[in-house]
């Protein structure tokens, strides 16, 4: 082996090692701070309530969606999802402090709405294929996961299924296209 070939191998190994370190720092492969979520339960409750507010039907707080979200993240998610969710929640808190000079939970309704609008716009790419690739490699963004868990927690809770949706205790025949009456609730069963 000559000197030039040896240098190529050494430089390649060095670049590979530095690339691995850079990816490690970028993605944050360290263990997620699960205890952080327990202290942020009121914030998660307010976030969920902004997504499904109380109207003539119960809201996300009434269905205790915050407990569902925390349990699903801590017990039912992989490390990548846990890290993304916790990192996103911390970033949301920091964003509220930087731009609204208050914690999210203490912001006005208008400020909360603006914060969530910002996260809605910045939670993905305009291209569906880029979103798929990003979700596969880096995991789902915080706000998308928050919305998914909020809707799932609400619709599977007793309060959400019985009062927020129309629940059919004994399903009848399967009708693929069911006509709905004006102002009729969506069905809790499919």
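The values are calculated or read from the model by the stated rules, or taken from the named source; none is laboratory data. None of these values were measured; they are calculated from a predicted model. Backbone-built Cβ (ideal geometry, glycine too); neighbour counts: all protein chains shown.
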Any residue in the stretch 32-45 that is surrounded by 10 or more Cβ atoms within 10 Å (Cβ to Cβ), under 16 Å from residue 151 (Cβ atoms) and either modelled with pLDDT of 90 or more or touching a helix residue (DSSP H, G or I) at 6+ places or on another chain (Cβ under 9 Å) (or both)? yes
Does at least one position in the stretch 53-65 carry a residue that is buried (at least 16 other Cβ atoms within 10 Å of the Cβ), modelled with pLDDT of 95 or more and assigned to a helix (DSSP H, G or I)? yes
Could you grab me the full set of residues in the stretch 95-130 that are in a helix (DSSP H, G or I), surrounded by 11 or more Cβ atoms within 10 Å (Cβ to Cβ) and under 17 Å from the mean Cα position of the chain (by Cα)? 95, 104, 112, 113, 115, 116, 118, 119, 120
Please work out which residue is modelled with the lowest pLDDT, limiting yourself to the stretch 160-170 and to residues that are surrounded by 10 or more Cβ atoms within 10 Å (Cβ to Cβ) and either in a loop (DSSP other than H, G, I, E, B) or in contact with a strand residue (DSSP E or B) (Cβ under 7 Å, 6 or more places away or on another chain) (or both). 168
I'd like to verify a number: residues in the stretch 75-90 that are without any contact (Cβ under 8 Å) to a residue 60 or more places away in the chain, under 13 Å from the mean Cα position of the chain (by Cα) and not in a loop (DSSP other than H, G, I, E, B), how many? 8
